[in-house]
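Shown next, in structure tokens, is the structure this report addresses.
The values are calculated or read from the model by the stated rules, or taken from the named source; none is laboratory data. If you're wondering where the values come from, they're calculated on a predicted model, not measured in any experiment. So basically every Cβ, Gly included, is an ideal-geometry build from the backbone, and we count neighbours across all protein chains shown.
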Amino acid sequence: MASRPFEVKPSDCSIQVKGLTFAYGSDPVLKDVTFRLDQCSVGLLGPNGSGKTTLLRALLGHLHIPAGMVSTMGFDMARDAYPARRFIGWMPERGGILPGMSGVAMVAYLGELGGMPRTDALQRAHEVLNYVGLADERYREADTYSQGMRQRLKLAQALVHDPAWLFLDEPTAGLDPRGRLSMLDLVKDLARDKGFGVILSTHLLADVKAVCEEIVVLRQGKLLDHGRVDTDAETRTAQFVLEGFGDVESFAVALRARGIEPTIEERQLVATTDVDSGPRLILEAASASGYALRRMQRHTETLEDLFFQLVDESGDEAAGVLGALTGHDRGGH
């Protein structure tokens, strides 16, 4: 995908948030949030309802901010949001599809809304649709697209005006495993090879580990942690959920004989073992014990699971959230 900036980007591409507080009515959603981001790939993590989407809306200048300051690329988003949005690509979790328009017409139209001349917007629309893998479907009406195609289309419209930052709200939502990996590959390429700043809002820790250099963690509207992630280190163990028919206790004994300590939960076992050799050892144990293994599924841990372990029910902050979430020591703010 060729880069065709139609306007010179600001020299300062940082994002700064200081003391940001926001409430819908009397219900506080963000509480004294403060951080700074330089242009890189950032994972915005938190359980559902933690304030992630509201924070993105504040960064876009969509909210009236009663307390605190939000600056995006040097623009005060309370007063100068419109010029700042020329340098921001926004991929919403819900909606974002214009009915009755083809994919290429929709992307070109949004490019024009972003300030591009019509001819340039149309040419760029073809380029970004090719990049996201929708070249053959560009003339189909967008509201006939599958969920995976819709997500790719929303990414294309966020890219069309060549922004400095991409704000992606749950970009893998509703995608099957293959579609999720494909979307993450695109986001990784944009962040690491194409030079875009990316904020990836999600509740899936694995998505952030696959893509992001930094992490911002929210819970109940509070900033729990912010720091760098060691993206080169790999986790060598994983949990596997095992189901089947036969003597569960004998299967568990066979697993233990191979160095795997399972836990028995109702009619299934959960085994933590090596990512590479574990599946082979599990199959060997099933065969040796006469257990008919019907399902072996790697467990993807969500932040909802982790937050219950890291943060108590009162919402008090737990020390070292970043290190606990990533499995690495913190690299500093």
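Among the residues of segment 135-144, the one identified as closer than 17 Å to Gly174 by Cβ and either within 22 Å of the chain's Cα centre (by Cα) or charged (D, E, K, R) (or both) is Asp143.
Going by what's in this entry, would Leu186 be described as among the hydrophobic types (A, V, I, L, M, F, W, C), under 23 Å from Leu153 (Cβ atoms), crowded, with 18+ Cβ neighbours inside 10 Å and within 13 Å of the chain's Cα centre (by Cα)? In short, yes. So, Pro99, is that one part of a loop (DSSP other than H, G, I, E, B) and touching a Phe, Trp or Tyr at 6+ places or on another chain (Cβ under 6 Å) or not? No. Evaluate segment 167-177: report whether one residue or more is in the same structural domain as Arg57 (by TED's automatic domain parsing) and modelled with pLDDT of 95 or more. The answer is yes, given that some residue of segment 167-177 is in the same structural domain as Arg57 (by TED's automatic domain parsing) and modelled with pLDDT of 95 or more. For segment 21-74, the set of residues classified as of a type in the set (S, T, N, Q), over 27 Å from Gly195 (Cβ atoms), more than 15 Å from the chain's Cα centre (by Cα) and in a loop (DSSP other than H, G, I, E, B) consists of Ser26 only. Pairs meeting the criteria (first residue in segment 187-203 and among the charged types (D, E, K, R), second residue surrounded by 21 or more Cβ atoms within 10 Å (Cβ to Cβ) and not in a loop (DSSP other than H, G, I, E, B), beta carbons under 8 Å, at least 6 apart or on different chains) are Lys188/Ser41; Lys188/Val211; Arg192/Ser41. Residues satisfying the criterion are absent from segment 142-152 (criterion: buried (at least 19 other Cβ atoms within 10 Å of the Cβ), among the hydrophobic types (A, V, I, L, M, F, W, C) and within 28 Å of Gly49 (Cβ to Cβ)). Scanning segment 124-146 for residues that are assigned to a helix (DSSP H, G or I), touching a residue at least 24 places away in the same chain (Cβ under 8 Å) and not charged (D, E, K, R) yields Ala125, Val128, Leu129, Asn130, Tyr131, Ala142.
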